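J.: Can you read through this structure? Questions will come right after.
Since every read-out is calculated from the coordinates, none of them should be taken as a lab result. Just so it is clear, the structure is predicted and the values come from calculations on it, not from any experiment. Cβ: placed from backbone, ideal geometry, glycine included. Neighbour counts: every protein chain shown.
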Amino acid sequence: MIKRKIALSTIVILLVMVSQSFALPPIEGKVFGITPLTNEMSFYKNTDDGGADRGHTLQIVAINSLKIWTDFTFEFTADYNFKLNYRFDNAGEIIGKRDKDHYIELSLVKPIYKTISLNYQRIYTTFEDKPINQFGIRLSL
């Protein structure tokens, strides 16, 4: 419960900081800076293929360019689902219904050459017992 409150507070602060009303100066030639690239919040009504109610999703996506002596991109993606997921056994039978779940992905991307970047992601989710770390290479098309 406390983790969710911290995550939601962080989201609100992040969105306020990168909104159009909180205009930041350009970061070219500076040691520190932030430039908003895209910041979006969506709310969805979910149904399955048969039209049955599968709850709601609040989705937040924030991608910002950072400069701390060198350029990075910080990406925040979160899906908060309400009355959405069903749990299935190995035979595909419904064994329970989750009331809430979430998926939060924090990414730090460092461009290294033209369209190639190094990428670190930290994932918090109700689908896994512990956070997941991902290290990789990104090719931007």
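J.: What list of ³J(HN,Hα) couplings, whole Hz, do you get for region 62-67 from phi and the Karplus terms 6.51, -1.76, 1.60, once you set θ to phi - 60° and write x for glycine and proline?
T.: 9, 10, 9, 8, 10, 10
J.: Moving on to the next point. Pop the C-beta distance of Ile116 and Phe32 into the FRET formula with R0 = 22 Å and round what comes out to the nearest 0.05.
T.: The calculated FRET efficiency here is 0.30.
J.: Would you grab the residues whose amide H sits under 5 Å from the one on Asn46? Only those 5+ places off in sequence or on another chain, please, with H modelled 1.01 Å from N.
T.: Residues meeting the criterion, in which the H sits 1.01 Å from N, are Arg54, Gly55, His56, Thr57.
J.: Let me ask something additional. What ³J(HN,Hα) values, in whole Hz, does the Karplus curve 6.51 cos²θ - 1.76 cosθ + 1.60 give for region 105-120 when θ = phi - 60°, with x put for Gly and Pro?
T.: Values per residue, Gly and Pro as x: 10, 10, 10, 10, 10, 10, x, 10, 6, 6, 9, 10, 9, 8, 9, 10 Hz.
J.: If you add up the charges near Phe76, with Lys and Arg at +1 and Asp and Glu at -1, over every other residue whose beta carbon is less than 14 angstrom from its beta carbon, what do you get?
T.: -3
J.: Residue-wise, which Karplus ³J(HN,Hα) couplings in Hz belong to region 68-74, taking 6.51 cos²θ - 1.76 cosθ + 1.60, θ = phi - 60°, and x for glycine or proline?
T.: Those phi angles translate into 10, 6, 9, 7, 9, 10, 10 Hz.
J.: Oh, and also: Please list the non-local residues whose amide H lies under 5 Å from the amide H of Thr126, H modeled 1.01 Å from N, same-chain partners needing a gap of 5 or more.
T.: Answer set, sorted by chain and number: His102.
J.: Follow-up. Give me, ordered by chain and number, the residues 5 or more places off Leu37 or on other chains with an amide H under 5 Å from its own placed amide H.
T.: Ile63, Asn64, Ser65
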